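Q: I'd like to ask some things about the structure below.
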Amino acid sequence: MDKYPEGLPRPERQRDVNLDHHDSVRCHVQQRLCDEVAQLEKRIETLRLTRSPHAAIMISAYERMVDRKRGFMKSWDLPD
């Protein structure tokens, strides 16, 4: 029986993480954060090209998210 409701995307298995190895988890977190930052930066660029009335608010929120993610990476010595 399928656990996921119809119409919702299934979560993708992107990377295998060996949780008993510190470096594997660290590498996984670092890669995941880099991917998320890149996606947010693409969204920001797309929003800058649109004339949506709420684009500035969304850009500001995405920029804060990017700053927080980069701050986390810096505090944990994860390269970006």
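Here, each number is a calculation from the coordinates, and none is a lab measurement. No experiment lies behind these values; they were computed from the predicted model shown. Cβ coordinates were reconstructed from backbone atoms using ideal geometry, including for glycine residues, and neighbour counts include every protein chain displayed.
Q: I need the phi-derived Karplus couplings for the range 67-80: 6.51 cos²θ - 1.76 cosθ + 1.60, θ = phi - 60°, integer Hz, Gly and Pro marked x.
A: Each residue's phi maps through the Karplus curve to give 4, 5, 5, 5, x, 4, 4, 5, 5, 9, 6, 9, x, 10 Hz.
Q: To continue, here is another question. Can you order the peptides 40-46, 51-57 by their average number of other Cβ atoms within 10 Å per residue, highest first?
A: Top to bottom by mean Cβ count within 10 Å: 40-46, 51-57.
Q: Output ³J(HN,Hα) for the range 32-47: one whole-Hz value per residue in order, computed from phi by the Karplus curve 6.51 cos²θ - 1.76 cosθ + 1.60 with θ = phi - 60°, and x for Gly and Pro.
A: Result, rounded to whole Hz: 5, 5, 4, 4, 5, 4, 4, 5, 5, 5, 5, 4, 4, 4, 5, 5.
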